[in-house]
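A short write-up of the structure that comes next.
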Amino acid sequence: MVKFQQQFAGAAIAGFTAFLISYAGSVALVFQAATAAGASPAQIASWLLALGLGIGATCIGLSIATRMPVLTGWSTPGAAMLATSLVGVSMSDAVGAFAIASGLMLVLGLSGQLDRVVRLIPRNIASAMLAGVVFRFVTSAFASLSQAPMLVGAMLATFFIARVWWPKFASLLALLCGLLVASWSGLTAFSGVQLAIAVPLFTAPSFSGNVILGVALPLFVVTLASQNLAGLAVLKGHGYDAPPKVILGWTGLAGTLLAPFGAFSINIAAITAALCMSKDVDPDPARRYRATVWAGVLYLLAGVLGATVATLLSSLPQVLIVAFTGIALLGTLTASLKSALDGTANEIDASIITFALTASGLVVFGVGSALWGLLAGLTLSTFRRSD
């Protein structure tokens with residue numbers, strides 16, 4: 001009995017920790033992405049509901065079906081990209097782009113051609129595009145020091161100090177510090193926050209060529225490279241031979257079906273997934289899937305309470321959200337730059353071009369910089385290889 005309780009507790013704690021870090025660490029990005037598309041508070045709640053239900057269902061279903069700790073989530077880099085690329089885009093075009101990105105992932109999973117697609121997009125180019133996407137958010141966090149030096153300074157100091165002793169919780173501690181300072185300074189308006197159940201709001205998708213090129217395709221590439229491939233690698237590194245066709249197929253299907261309600265991406269989690277695969281969860285690797293089942297249950301609950309989360313985020317000062325978003329993406333920027341600059345001189349040149357163009361925010365023919373950066377890097381990389 002005691003042994004069972006220890007195993008139960010280990011899985012529950014790991015699932016809760018993985019959920020808390022994943023959700024709290026990037027929900028502000030989802031809020032910014034939805035706001036960029038002109039979403040109302042009710043629509044933001046619908047986004048969080050669709051994401052919570054989709055992630056919770058795939059977490060629980062895939063983990064039980066495969067008996068592996070398959071942790072799913074939304075694409076944090078994808079949300080970062082959407083927070084800039086959805087400005088001026090109608091909600092119907094936005095959900096159309098979500099459906100296409102998830103549909104492409106579904107087709108890729110069912111086709112069994114994952115390796116071939118990966119070879120078409122070199123790792124360094126995909127990493128450079130990701131670095132360019134998050135770069136502006138990181139710099140905005142430091143730029144916000146001029147607006148609220150005490151608030152942002154305290155958050156940055158907390159983050160860097162926590163990175164030394166509690167690296168996994170550094171972003172979360174920075175957020176808690178920001179909430180305390182903002183509340184003490186009278187910058188919050190929690191009086192309007194009420195416990196409420198989210199209601200799904202359907203938006204009929206529409207399809208614009210510019211939005212498909214500037215939003216859907218970059219979202220697909222970013223999610224594939226930074227989430228699904230990394231998540232499969234984490235599973236494999238812990239001894240789990242996960243079936244890509246099954247995982248990409250079901251997450252892609254869930255994302256496609258829930259896109260009209262605001263689910264921009266449902267994919268495999270990467271970094272936080274490792275929390276559910278250690279010996280602390282359970283000495284037996286075959287029982288560690290229970291941790292991701294717990295995480296799935298928590299995602300379902302968070303989705304149902306999406307309206308509460310939306311009003312809570314709306315009550316926070318914008319500078320806190322901007323600062324926290326940049327702080328949460330510091331690790332992503334570091335890892336992406338390291339990967340982008342790991343290669344030959346020719347590969348590094350292509351990565352720099354990709355990074356610079358993506359980070360520039362260039363818009364040509366209504367198509368955003370992420371796609372132009374990707375195309376420029378691929379063109380230069382191909383030209384140099386054939387030279």
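The values are calculated or read from the model by the stated rules, or taken from the named source; none is laboratory data. No experiment lies behind these values; they were computed from the predicted model shown. Here Cβ is always computed from backbone atoms with ideal geometry, including for glycine, and neighbour counts include all displayed protein chains. Please note that ligands, DNA and RNA were not included when accessible areas were found on the heavy atoms of the full protein model with its side chains. Shrake-Rupley method; radii C 1.70, N 1.55, O 1.52, S 1.80 Å.
Structural remarks
Residues checked against (1) hydrophobic (A, V, I, L, M, F, W, C); (2) more than 26 Å from PHE355 (Cβ to Cβ); (3) out of contact with any Lys or Arg (no Cβ under 9 Å at 6 or more places or on another chain):
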| position | (1), (2), (3) |
| --- | --- |
| ALA57 | yes, yes, yes |
| PRO69 | no, yes, no |
| THR76 | no, no, yes |
| ALA79 | yes, no, yes |
| LEU82 | yes, no, yes |
| SER85 | no, no, yes |
| VAL107 | yes, yes, yes |
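- The set of residues in the stretch 165-178 being open to solvent by 50 Å² or more (accessible area, probe 1.4 Å) and either assigned to a loop (DSSP other than H, G, I, E, B) or in contact (Cβ under 8 Å) with a residue 24 or more places away in the chain (or both) consists of TRP166, LYS168, PHE169.
- Against the numbered list (1) small (Gly, Ala, Ser); (2) under 22 Å from the mean Cα position of the chain (by Cα); (3) at pLDDT 80 or above, ALA335 comes up short only at (3).
- Taking the criterion of being open to solvent by less than 10 Å² (accessible area, probe 1.4 Å) and either β-branched (Val, Ile, Thr) or not in a loop (DSSP other than H, G, I, E, B) (or both), the residues of the stretch 250-265 that qualify are THR251, GLY252, GLY255, ALA259.
- Failed criterion for SER183 (all others in (1) polar (S, T, N, Q); (2) out of contact with any strand residue (DSSP E or B) (no Cβ under 8 Å at 6 or more places or on another chain); (3) open to solvent by less than 50 Å² (accessible area, probe 1.4 Å) hold): (3)
- Qualifying residue in the stretch 343-355 (condition: surrounded by fewer than 21 Cβ atoms within 10 Å (Cβ to Cβ) and either within 24 Å of ALA170 (Cα to Cα) or in contact with a Phe, Trp or Tyr (Cβ under 7 Å, 6 or more places away or on another chain) (or both)): no
- Of the criteria (1) more than 23 Å from ALA310 (Cβ to Cβ); (2) buried (at least 20 other Cβ atoms within 10 Å of the Cβ); (3) more than 22 Å from the chain's Cα centre (by Cα); (4) not small (Gly, Ala, Ser), which one LEU151 fails: (1)
- Selected residue (criterion: modelled with the lowest pLDDT) from residues of the stretch 275-287 that are crowded, with 19+ Cβ neighbours inside 10 Å and of a type outside the set (D, E, K, R): LEU275
- Qualifying residue in the stretch 20-43 (condition: touching a Ser or Thr at 6+ places or on another chain (Cβ under 9 Å), under 17 Å from ILE266 (Cα atoms), polar (S, T, N, Q) and at pLDDT below 95): yes
- The residues listed here are GLY61, GLY78; of these, the one that is out of contact with any Leu (no Cβ under 9 Å at 6 or more places or on another chain) and under 25 Å from VAL297 (Cα atoms) is GLY61.
- Number of positions in the stretch 31-72 that are without any contact (Cβ under 8 Å) to a residue 60 or more places away in the chain and either crowded, with 24+ Cβ neighbours inside 10 Å or farther than 19 Å from ALA196 by Cα (or both): 4
- Of all the listed residues (ALA162, ALA97, ALA80), the sole one being open to solvent by less than 10 Å² (accessible area, probe 1.4 Å), closer than 30 Å to ASP349 by Cβ and either more than 16 Å from the chain's Cα centre (by Cα) or not charged (D, E, K, R) (or both) is ALA80.
Yes/no per residue for (1) at pLDDT 80 or above; (2) part of a helix (DSSP H, G or I); (3) in contact with an Asp or Glu (Cβ under 9 Å, 6 or more places away or on another chain); (4) over 17 Å from ALA340 (Cα atoms):
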| residue | (1), (2), (3), (4) |
| --- | --- |
| LEU110 | yes, yes, no, yes |
| VAL117 | no, yes, no, yes |
| ASN124 | yes, yes, yes, no |
| SER127 | yes, yes, yes, no |
| LEU130 | no, yes, no, no |
| SER140 | yes, yes, no, yes |
| ALA154 | yes, yes, no, yes |
| ILE161 | yes, yes, no, yes |
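- Among (1) touching a residue at least 60 places away in the same chain (Cβ under 8 Å); (2) out of contact with any helix residue (DSSP H, G or I) (no Cβ under 6 Å at 6 or more places or on another chain); (3) under 25 Å from PHE264 (Cβ atoms); (4) not aromatic (Phe, Trp, Tyr), the one test that LEU130 misses: (2)
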